[in-house]
Amino acid sequence: MGDILASLTDPSLQSFRKSLATQQISKSKAIGQKLDPPLARPIKERLERQAAYEETKTEISKWQPIVKANREAEHLQFPMNDPPKQSKQTIASLAGTFEVPLPPIHANKAHYFPREESGRFITPVGHPV
């Protein structure tokens, strides 16, 4: 019990108590104060424009060296990115893979009358060429 009472009389604890009390007093005074009225609309808009101008100015300054190099270059090549790779397909290769879908009536007919290939022409099964 003596240790607890000794800590209450400690000088560093006393200074902490005083600083805490002053903070509480200053907060209570701040709570009673009124807020400033909002700025007038023209003044507010002017400040917003100035802030936007400064932001735009820093953004544009990043591009100044690139623009200068493009103006001084004798030849510009667009697009700057690599062009997409195109496959080398010929009309013959596309025509060889093209298949015309049969309408349902012809699909049923092909089911009942099978065909076989003989040379260049497709003939019905069992029919002489």
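The values are calculated or read from the model by the stated rules, or taken from the named source; none is laboratory data. The model shown is predicted, which means the values in this text are computed figures rather than measured ones. Neighbour counts are summed over all protein chains in view; Cβ atoms, including those assigned to glycine, are modelled from backbone coordinates with ideal geometry.
Remarks
- Identity of the residue in the stretch 1-22, within 60 Å of the chain's Cα centre (by Cα) and of a type in the set (S, T, N, Q), that ends up modelled with the lowest pLDDT: SER7
- Test: residue in the stretch 75-91 that is part of a helix (DSSP H, G or I) and modelled with pLDDT of 80 or more: yes
Every residue, every condition in (1) touching a strand residue (DSSP E or B) at 6+ places or on another chain (Cβ under 7 Å); (2) surrounded by 10 or more Cβ atoms within 10 Å (Cβ to Cβ); (3) at pLDDT 90 or above, yes or no:
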site	(1), (2), (3)
GLU48	no, yes, yes
ALA52	no, yes, yes
ALA73	no, no, yes
PHE98	no, no, no
PRO104	no, no, no
TYR112	no, no, no
ARG115	yes, yes, no
VAL125	yes, no, no
